[in-house]
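A quick write-up on the structure given underneath.
Nothing in this text is a laboratory measurement; each read-out follows from the coordinates by a stated rule. Keep in mind that what you see is a predicted model, and the values were worked out from it rather than measured. Don't worry about glycine lacking a Cβ; one is built from the backbone with ideal geometry, like all the others, and counts go over all protein chains shown.
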Amino acid sequence: MVELGDLREGIMPADLHDAVRTVLGLPGLVLAGIGTNLACQNGIIPDEANMAELTALTTSVEAEFGITVAVVSGGNSANLPWALAPGVAIGRVNHLRLGESLLLGREPVGRSVVEGLDAHAFSLVGEVIESQWKPSVPRGSRGRTAFGLPVDRPGEGAEEHRVIVALGRQDLDVDGIVAPDGVQVLGASSDHLVLRTAGARPAVGAELRFGIDYGALLQAMTSPSVGRRYIRP
Ligand SMILES: Cc1ncc(COP(=O)(O)O)c(C=O)c1O
């Protein structure tokens, strides 16, 4: 991997030739290709300039060492707007490593849905464990909550219908979920997701279905407390 601006992983471009020389001199290693990764750490967008730099590095390595670099891996899902733009100068890039776009159907930089892909392949399902009317304003003197400072919400006053779903911060990043229509996330603790429901009043035992973003999906898929079910369409 070569560092091209996002400052996460990678050999600095000025050190690339030395690294290639070292790899070529080691009998147990094969130089399969050259790659870069952008966007993940500092949001650096893959564009004509940094992709042309990758191509130029590839051709300079090939010229110096008399080899053909088979794989030139331009990046991840953030490369798609560049790669799919009409008339793009693709240069030597012949490979991308796609995760989010394939799984969630979106490119990460602008968050737009990639044409032809489904942005709803995953949903998060949680069980309602409490459902009742409650005052919307807390009662008593207030301090910190289990996870920081209390949040005051505008429009509080009357009673509201509340639901608790058995999901929480132990399971996933609750900021990365999208509640169903008419349902608002009020907060979450370790294993309780507190919701206000404007329309339907789901009963205890009912299941609510949420949308889920990349960070929340990552945590849900690796959490031992979240079950996973694969359904063939
Ligand atoms: C080096 C590298 N390549 C590719 C990917 C896939 O990225 P994306 O999910 O944005 O397609 C990642 C994601 O973690 C990564 O770290």
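Data overview
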{"item": "Radius of gyration and Dmax over the Cα atoms of the stretch 111-233, both given in Å", "result": "15.7, 53"}
{"item": "Residue with peak Gaussian network fluctuation, the chain [Cα springs, cutoff 10 Å], from F122, F147, F210", "result": "F147"}
{"item": "Under-5 Å amide H pairs with N76, H placed in peptide plane, nonlocal only", "result": "L38, R97"}
{"item": "Once exposed loop GluC sites (Glu not before Pro) are cut out (DSSP; at most 13 other Cβ, 10 Å), longest piece of the chain", "result": "10-114"}
{"item": "Listed residues G116, G211, G187, most fluctuating in the chain (Gaussian network, C-alpha, under 10 Å)", "result": "G116"}
{"item": "Selected from G74, G199, G148 as most flexible by GNM, with the chain as the system and alpha-carbon contacts under 10 Å", "result": "G148"}
{"item": "For the stretch 159-199, size of Cβ-based charge dipole, Lys and Arg +1, Asp and Glu -1, in debye", "result": "60"}
{"item": "Folded to 0 to 90 degrees: helix 48-65 orientation relative to the chain principal axis, Cα", "result": "40"}
{"item": "q = 0.14, 0.17 Å⁻¹, the stretch 2-99: log10 I(q)/I(0) [Debye, one scatterer per Cα]", "result": "-0.50, -0.73"}
{"item": "Separation between Cα centres of the stretch 163-228 and the stretch 52-115, rounded to whole Å", "result": "35"}
{"item": "Pair T22, V204: separation of 7 Å Cα→Cβ label points (nm)", "result": "6.3"}
{"item": "Gain on full stretching of the segment that runs from T59 to L84 - 0.36 nm per residue minus C-alpha separation", "result": "6.7 nm"}
{"item": "Rg and Dmax [Cα atoms of the stretch 61-181; Å; Rg one decimal, Dmax integer]", "result": "23.8, 76"}
{"item": "Descending semi-axes in whole angstrom, ellipsoid equivalent of the stretch 1-52, from the Cα gyration tensor", "result": "24, 10, 10"}
{"item": "Enclosed volume per residue, in Å³, of the convex hull spanned by Cα atoms of the chain", "result": "194"}
